[in-house]
Amino acid sequence: MILHRDARCVVVDKPSGDAVNAYVYPVHRLDRGASGIVLFALDADAARLFSEAWPDADKRYMAITRGHPDDHVVIDHAIPKAPGEARVPAITEIWRRDTFGRYALVEARPRTGRLHQIRRHLKHVSCPLIGDVRYGKGEHNRLFREQHGLQRLALHSTSLTVRHPDGSELRVTCALAPDLVAAIDSCRRAYGIVPACE
């Protein structure tokens, strides 16, 4: 679904499971299992300008985790830029938005752009993403598949603010994907909302 379109770019709501490949200029990518906002430039100059602005972009994601992170935490933990490479600085800001049983709904704002940064940082604070087969926990992924109907990575890009090539500010939001909403509702029915200290 198209969330925004103008002469220089298009922003789409990427479904989970789709790879980001197109005959336009992808400014960034989402993991195949993630869903939500993806920005494409429509010409090479716009792609260059968006890429230059990208380090200052405000990107927000919602995720379901096993475990409860603190109400608000800034994770400053170096991770490899790519597999087998040296560790580089990486920072992600996290807010816990809701809890249900052993699980939580969190908002994540990566301040740097490293491979699997949100996934790695949530694992680092012992709150791995549900559905994450690389950094998560198999028994919790299975539970979410079997009891809550979630068949994929519980990560969704919900908000993007970035400087547009025309000098204005591009702001786009995207509602949480229906399968994530259904999984959260199922958890609330199964576990209720519990204080994070439990």
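Some points to look at:
- Rounded if a/c under 1.5, otherwise prolate or oblate - region 87-198, Cα gyration tensor axes: prolate
- Helix-derived mean residue ellipticity, 222 nm - over the chain, DSSP H n ≥ 4, -39500 (n - 2.57), to 500: -6500 deg cm²/dmol
- Antiparallel DSSP beta bridges within the chain, percent to nearest 5: 95
- For region 12-63, the alpha carbon convex hull comes to 74 Å³ per residue, rounded to a whole number.
- Residue-wise HN-Hα couplings along region 11-20, as the Karplus relation 6.51 cos²θ - 1.76 cosθ + 1.60 with θ = phi - 60° gives them from phi, are 10, 10, 9, 7, x, 4, x, 8, 7, 9 Hz; Gly and Pro carry x.
- Accessible surface, 1.4 Å probe, highest first, among residues Thr161, Thr173: Thr173, Thr161
- Descending Cα extents along the principal axes, region 8-115, whole Å: 46, 32, 25
- Lys, Arg +1 and Asp, Glu -1 on Cβ, resulting dipole of the chain about Cα centre, debye, nearest 20: 560
- Local electrostatic count at Arg163 - Lys and Arg +1, Asp and Glu -1, tallied over other residues with Cβ under 12 Å: -3
- Of the complete DSSP H runs in the chain, those spanning 15 angstrom or more by Cα along the long axis with a mean Kyte-Doolittle score not below -0.5 are 178-191.
- Net charge, Ile130 excluded, C-beta distance under 10 Å - Lys, Arg +1, Asp, Glu -1: +3
- Per-residue SASA entry for Val74, accessible area with 1.4 Å probe, Å² rounded to 10: 70
- Rg/Rh for the chain (Cα atoms only, Rh after Kirkwood) is 0.98.
The values are calculated or read from the model by the stated rules, or taken from the named source; none is laboratory data. This one's a predicted model, so the numbers in the text were calculated from it and none came from an experiment. FYI the Cβ positions are ideal-geometry reconstructions off the backbone, even for glycines, and counts take in every protein chain you see. To get the accessible areas, we keep the full protein, side chains included, count just its heavy atoms, and leave off ligands, DNA and RNA. Shrake-Rupley method; radii C 1.70, N 1.55, O 1.52, S 1.80 Å.
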